[in-house]
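Okay, so here's the structure we're looking at.
The values are calculated or read from the model by the stated rules, or taken from the named source; none is laboratory data. Note that this is a predicted model, so its numbers are computed, not measured. Methodologically, a virtual Cβ is constructed for each residue, glycine included, from the backbone with ideal geometry; neighbour enumeration extends over all protein chains shown.
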Amino acid sequence: MKDKIVAILENRAGEQMADLVRKYGGTPLLAPALAEIPDLDPHHIAELLDAWDSTPPDMFIFQTGVGAKALFSATDALQRTDRLLHHLDAALVVVRGPKPTAILRSRKVRIDLSAEEPYTTAEVLAKIDTSLSGKHVVVQRYGETNDELQKALEDRGAEVIEIATYRWSLPQDIAPLIKLIDALDRNEIDIVAFTSASQVHNLFTVAQQREKQELLKASLGRTLVASIGPVCTSALNKHGITSNIEARPPKLGPFITAINEALSKT
């Protein structure tokens, strides 16, 4: 990717991605498209723990490491982590990927089912082959409600209890996103790297606010577009954008490698 400009919309790992781009000789353009806003109510967590003493959950589903860590931080502050661990020990514990797995293992939580790559909702549901009729299933939310997962669990007869730990929002400073949209219009970007579906939606939200949605769609149509995985690719497709590159597996290292290989051919 020597002398190529790579637009990065990642927030949390943005600098890490930028360093990898520089390592390959590229020039990163950082335009964070997401902000993680804490959305965990300790009072609500305390109420849930009390309720679970009489109606214990049958299953827990952890979707992200950030969310799992936030939940334990809340119970630590409440001095009720022992109660959470008790309920986890008595229930079936399902994880979506390696990040929540690492957090749970650090707390010595037994993990019963682990989704396989590429760690999407489909892989989570494929692991849950038991009857859920009348079961109480706790889902750790990430960013926004996973409607696909919630509907599938409810269709199988489960009562879903969602725990909000954080939510996704537009960053307070959207100037970098506006500059990115304009740079794409001027054909100054060689590739745009998307690492989440929400980044896609937020970029188009900013474009729509400035009546540049069709312009952005046209710009991305003539620019290389890289997606971290199938969920992100699906979001791009919903906006009429085709992904030229998709990481396999959907991890940062393979993602940057795939981008470098694609740019080396241009």
Query raised in the report: Could you say which residue among 170, 177 is touching a residue at least 60 places away in the same chain (Cβ under 8 Å), buried (at least 18 other Cβ atoms within 10 Å of the Cβ) and more than 15 Å from the chain's Cα centre (by Cα)?
Result: 177
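I'm trying to understand the selection: among the residues of region 23-53, which are over 22 Å from the mean Cα position of the chain (by Cα) and either aliphatic (A, V, I, L, M) or assigned by TED's automatic domain parsing to the domain that holds residue 80 (or both)?
Those that are over 22 Å from the mean Cα position of the chain (by Cα) and either aliphatic (A, V, I, L, M) or assigned by TED's automatic domain parsing to the domain that holds residue 80 (or both): 42, 43, 44, 45, 46, 47, 48, 49, 50, 51, 52, 53.
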Requested in this report: Provide a single number: the residues in region 222-266 that are of a type outside the set (S, T, N, Q), free of Cβ contacts under 8 Å to residues at least 60 places away in the same chain and part of a loop (DSSP other than H, G, I, E, B).
Outcome: 8
Report task. Select, from 149, 125, the only residue that is buried (at least 21 other Cβ atoms within 10 Å of the Cβ) and either over 16 Å from the mean Cα position of the chain (by Cα) or not in a strand (DSSP E or B) (or both). Result -> 149
Report task. Output the qualifying pairs, or none if there are none: Cβ atoms under 8 angstrom, residues six or more apart or on different chains, first residue in region 150-167 and farther than 20 Å from residue 75 by Cβ, second residue outside any strand (DSSP E or B) and charged (D, E, K, R). Result -> 157/135; 158/135; 159/135; 160/154
Query raised in the report: Does residue 236 satisfy the criteria of being of a type in the set (A, V, I, L, M, F, W, C), over 26 Å from residue 16 (Cα atoms), under 22 Å from the mean Cα position of the chain (by Cα) and modelled with pLDDT of 95 or more?
Result: no
Query raised in the report: With respect to the numbered conditions (1) more than 20 Å from residue 117 (Cβ to Cβ); (2) of a type in the set (S, T, N, Q); (3) surrounded by fewer than 22 Cβ atoms within 10 Å (Cβ to Cβ), which one is the sole condition not fulfilled by residue 257?
Result: (1)
Report summary line: Contact list, first residue from region 6-22 and in the same structural domain as residue 252 (by TED's automatic domain parsing) and within 17 Å of residue 202 (Cβ to Cβ), second anywhere and polar (S, T, N, Q) and in a helix (DSSP H, G or I), beta-carbon distance below 9 Å, six or more apart or interchain, is 9/199; 9/202; 10/16; 10/199; 11/199
Requested in this report: Name the residue, out of 99, 108, that is out of contact with any helix residue (DSSP H, G or I) (no Cβ under 6 Å at 6 or more places or on another chain), outside the structural domain of residue 255 (by TED's automatic domain parsing) and either surrounded by 17 or more Cβ atoms within 10 Å (Cβ to Cβ) or at pLDDT 95 or above (or both).
Outcome: 108
**Report entry** Residue in region 43-91 that is surrounded by the most Cβ atoms within 10 Å (Cβ to Cβ), counting only those that are in contact (Cβ under 8 Å) with a residue 60 or more places away in the chain and of a type in the set (S, T, N, Q)
**Finding:** 63
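Conditions tested, residue by residue: (1) among the small types (Gly, Ala, Ser); (2) over 24 Å from residue 119 (Cα atoms).
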{"site": "213", "(1), (2)": "no, yes"}
{"site": "217", "(1), (2)": "no, yes"}
{"site": "232", "(1), (2)": "no, no"}
{"site": "238", "(1), (2)": "no, no"}
{"site": "243", "(1), (2)": "yes, no"}
{"site": "249", "(1), (2)": "no, no"}
Query - Filter result (surrounded by fewer than 20 Cβ atoms within 10 Å (Cβ to Cβ) and part of a helix (DSSP H, G or I)) within region 180-208 - result: 182, 183, 185, 201, 205, 208
